[in-house]
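All remarks here apply to the structure that follows.
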Amino acid sequence: MGTAQIIATALAAVVTLVAVGLAVRAVRQMTAVIRLGGPDPARFTDKGTRARTMLVETAGHTRMLKWSVVGAAHWFVMVAFVVLSLLVLEAYFEVVDPDLGLPVIGHWTVFGLVTEWIGVLGMVGILVLVVIRQRARRAPRSRFTGSTMWQGYFVEAIIVAVLVCGFLIRGFKVATDHFEYPVWATPVSHAVGAVLPAWSDGATWTALVKICISMAWLITISLTVTMGVAWHRFLAFPNIFFKRAPEKPAGSGLGALRPMMSNGEPLDFEEADPEKDQFGVAQVEQFTWKGLLDFSTCTECGRCQSQCPAWNTAKPLSPKLLVLSLRDHAYAKAPYLLAGGGKDLTGEEKATEAQLAHMDVLALAEGNRPLIGTEAEQGVIDPDVLWSCTTCGACVEQCPVDIEHVDHIVDMRRYQVLIESSFPAEAGVMLRNLENKGNPWGAPQNTREDWTKGLDFEVPRVGEKDFEYLFWVGCAGAFEDRAKKTTRAVATLLHEAGVDYAILGEGETCSGDPARRIGNEFIFQMLAQQNVETLQEAGVKKIVATCPHCFNTLGNEYEQLGLKVEVVHHTQLLAHLVKAGRLTPVQPIEGDVTYHDPCYLGRHNRVFDAPREVLGEAATLVEMPRNSERSFCCGAGGARMWMEEKIGKRINVERTEEALATGAKTIAVGCPFCYTMIGDGVTGKGEQENVEVVDVATVLLRSLKQDA
């Protein structure tokens, strides 16, 4: 071993020991923060399915590839990063002796070929991502707004530098005639070697530079534990592994909202004790450990932000910025919590002032910040941010590392509603109506069947005859004038197709969706338990629902209360009846039709094809630019239907403008909330004489009966 090799080896050893020591400290720090969160035992079920899901999403890049060019470029960068680990390891052998390589595989031609082209494509991928980042950040309300840009560029520069060093090492080996791979396998390395001098120690010193660059990266991220753009390379694997509902088939949507938890178990209000049980989230440490892992994993890519209807209409909510605020707060507050600070469920401090006397002033100040509060109150999350969410799920759908933004937002809402009684005042009317009248409109229960008046056939009630499907009408379908048209159309179609169905009539009450989404789990459980008992007594096996919110709640969330029934959306049943020849469209309706995907039908439950199949039989369908998984919310979800939209542009107007731009004469919907919001948008734009908003069922009925 020559002098150069001895010096290089010693320097490599020193810098590596420092980097590894800091990395171990950082991992311990992050682990300690994540462990501050509450228990969540459900995350450990069905480990086989979880492992398969993790491998598919990471190796297959299924989330990222939805963004085509970005996804492909990122895949090559990810693979290059993995290969970099091998090449950095190889550099430790090369500082000792340039002729050395990785044991066993280091001299295989296949290894040289694969690493050569992964290196080339990785560099191309990095350059593509840099260009995309530069172009995207110039856009108004860019997805990178609020991201820590230097961190992204730092990570990208490190990868490029390490790849360049790899080609230089190989080039020096070529120049000194010590390279083991043929030209056909490693043409770039040979081309680099052709222009480099025959410097015998070139490979050694370049290998040292490569190690130092890699360790500088490790040292930097170890000193900045909130650098999600770097740490997600490691945290994404457990975060995806522990995502919720792995037992559901791939592509089944967001499904049920996570129930209110206390001590790792769903909270039963009949036995709940405010002195012992946790009602929602009031402090960052009251999120589960998975929530804190979510915050730590955020890559700051902004895909959630770019798809959020609130952010796109100038509301203060950005799912990314919300998660980053919670992450930064958690890590800033961690020293305070780890020293014994914090409050118990009764609001009492866990540690005395004397115990916290030596606490860092900044950590102590962070420990006393309210989680929800205005800027003047120094709150971590502003109330306007919290209440801007429509729970549409676009953020969760697009997140490449499966962060569960909606669950965290609802958890914070729960505490605000149930304990603080702090929520938009106008929503209080809706909650009182749900509690006293069983529907958000406050309509008398004895008018639930008024929609049946005037039909030329009898609508059967439960108990009058045997039935295959219970037709769940829903509150909107029973009380809201526009939605009643959909209810009548569906009933007519079911009657004409000879479907055996029945309704509950006055026995039906609200599914509880708006109460749960606004955060009032108490009212949700009250309504849900009443409905579960009614459905079980009626022996219901199948339900057809016209409201996606009812469809989602009955089919996914009532399982949490012990009810298991098959629930279909009316567009699914109608598509089946058309295919079976039990409903046959006679003549397409005039003019093009565009379809608006309801969030709780599409993203939440992956029902995209059925409505389009029905419309395709009855009309000429033209798509809006944002459709299917990327459909833009109407603005009514998350109980926003009953809250005033005072900030920014109205979400329904944004969506209506997109629909009108298609030139379609009919805007078809599959949700009564969307019917109201898009209908109001068309009226607001003064297009009600030129464009009609109707449900998919009405389009089908008109194609069967031209005089309908």
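No lab work stands behind these numbers, since they all come straight from the coordinates. Fair warning: this is a prediction, and the values are worked out from it, not measured in the lab. Virtual Cβ from ideal backbone geometry, glycine too; neighbours counted across all protein chains shown.
Could you check how many percent of all C-alpha pairs in the range 592-704 are farther apart than 17 Å?
So the pairs more than 17 Å apart make up 50 percent of the total in the range 592-704.
Give the share of C-alpha pairs in each 10 angstrom bin for the chain, from 0 to the last occupied bin, in whole percents, shortest bins first.
Pairs per bin, as whole percents: 3, 13, 21, 22, 17, 12, 8, 4, 1, 0.
Say R0 is 35 Å: what FRET efficiency, to the nearest 0.05, do VAL110 and VAL195 get from their beta-carbon distance?
For R0 = 35 Å, the calculated efficiency reads 0.85.
Å³ per residue of the Cα convex hull, for the range 644-683?
Value for the range 644-683: 68 Å³ per residue.
Just to confirm the number: angle between the C-alpha axis of helix 427-437 and the first principal axis of the chain, 0 to 90 degrees, nearest 10?
Helix 427-437 sits at roughly 50 degrees to that axis.
Counting only C-alpha contacts under 8 Å and six or more residues apart, can you give the relative contact order of the chain as a whole percent?
Taking the mean separation of contacting Cα pairs over the length of the chain, I get 12 percent.
Counting only C-alpha contacts under 8 Å and six or more residues apart, can you give the relative contact order of the range 592-704 as a whole percent?
Across the range 592-704, relative contact order equals 34 percent.
Would you work out the charge dipole size for the chain about its Cα centre, treating the Cβ of every Lys and Arg as +1 and the Cβ of every Asp and Glu as -1, and quote it to the nearest 20 debye?
Rounded to the nearest 20 debye, it is 1560 debye.
Output the direction-averaged projected area (hull surface divided by four) of the convex hull of the alpha-carbon atoms of the range 461-540, in nm².
Across all orientations, the range 461-540 yields a mean hull projection of 5.7 nm².
What does the highest-first list of 473-483, 42-52 look like by mean Cβ count within 10 Å?
The packing order, highest mean first, is 473-483, 42-52.
Given Cα positions, please report Rg to Rh for the range 587-632, the hydrodynamic radius being the Kirkwood one.
Reported Rg/Rh, Kirkwood definition of Rh: 0.99.
Report the gain in length on full extension from ALA314 to GLU270: 0.36 nm times residue separation, minus Cα-Cα distance, nm rounded to one decimal.
Roughly 11.7 nm would be gained on extension.
How charged is the neighbourhood of CYS301? Take every other residue with its Cβ under 10 Å from the Cβ of CYS301, and add Lys/Arg as +1 and Asp/Glu as -1.
+3
With a 4.7 Å Cβ cut-off, tell me which Cys residues in the chain come up empty for a partner.
CYS165, CYS212, CYS298, CYS301, CYS308, CYS389, CYS399, CYS475, CYS510
Mind checking the full-extension length gain between ARG582 and PHE237? Use 0.36 nm per residue of separation minus the Cα-Cα distance, one decimal, nm.
119.4 nm
Can you give the Rg/Rh ratio of the range 199-300, where Rg is from the C-alpha atoms and Rh is the Kirkwood radius?
1.23
Would you please report the Å³ per residue occupied by the convex hull of the alpha carbon atoms in the range 432-579?
Dividing the Cα hull volume of the range 432-579 by its residue count gives 104 Å³.
Taking the alpha-carbon centroid of each part, what is the distance from the range 62-95 to the range 630-674 in angstrom?
Here the answer is 40 Å between Cα centres.
How would you rank 613-622, 364-373, highest first, on the average number of other Cβ atoms within 10 Å across their residues?
613-622, 364-373
For the range 519-583, what class follows from the C-alpha gyration tensor (a ≥ b ≥ c being the square roots of its eigenvalues): rounded when a/c is under 1.5, otherwise prolate if a/b is larger than b/c, else oblate?
Judged from the Cα gyration tensor, the range 519-583 comes out prolate (a/c at least 1.5, a/b above b/c).
What is the projected area of the convex hull of the Cα atoms of the range 261-418, averaged over all directions, in nm²?
Mean projected area of the Cα convex hull: 9.8 nm².
In what order do GLU271, GLU180 fall by count of nearby beta-carbon atoms within 10 Å, going from fewest to most?
Neighbour counts put them in this order, fewest first: GLU271, GLU180.
What's the extension gain from VAL24 to THR3 if we count 0.36 nm per residue and subtract their Cα-Cα distance?
My answer for the length gained is 4.4 nm.
Roughly what angle does helix 202-223 make with the longest principal axis of the chain, taking Cα atoms, 0 to 90 degrees, to the nearest 10?
On a 0 to 90 degree scale, this one is about 40.
Quick check: Cα centre of the range 121-166 to Cα centre of the range 541-577, how many Å?
With the range 121-166 and the range 541-577 each reduced to a Cα centre, they are spaced 44 Å.
Cross-link list LYS541/LYS579; LYS437/LYS484; LYS290/LYS315: which exceed 25 angstrom alpha carbon to alpha carbon?
LYS290/LYS315
To the nearest µm²/s, what D does Stokes-Einstein give for the range 1-65 at 37 °C and 0.692 mPa s, using the Kirkwood radius over alpha carbon pairs as Rh?
Approximately 202 µm²/s, per Stokes-Einstein.
Assign one of three labels to the range 520-644, namely rounded, prolate or oblate, based on the Cα gyration tensor with a ≥ b ≥ c the square roots of its eigenvalues; rounded applies when a/c is under 1.5, prolate when it is not and a/b is larger than b/c, and oblate otherwise.
Verdict is oblate for the range 520-644.
When the helices in the chain are scored as -39500 (n - 2.57) per DSSP H run of 4 or longer and the sum is shared across all residues, what 222 nm value do you end up with, to the nearest 500 deg cm²/dmol?
It comes out at -16000 deg cm²/dmol, rounded to the nearest 500.
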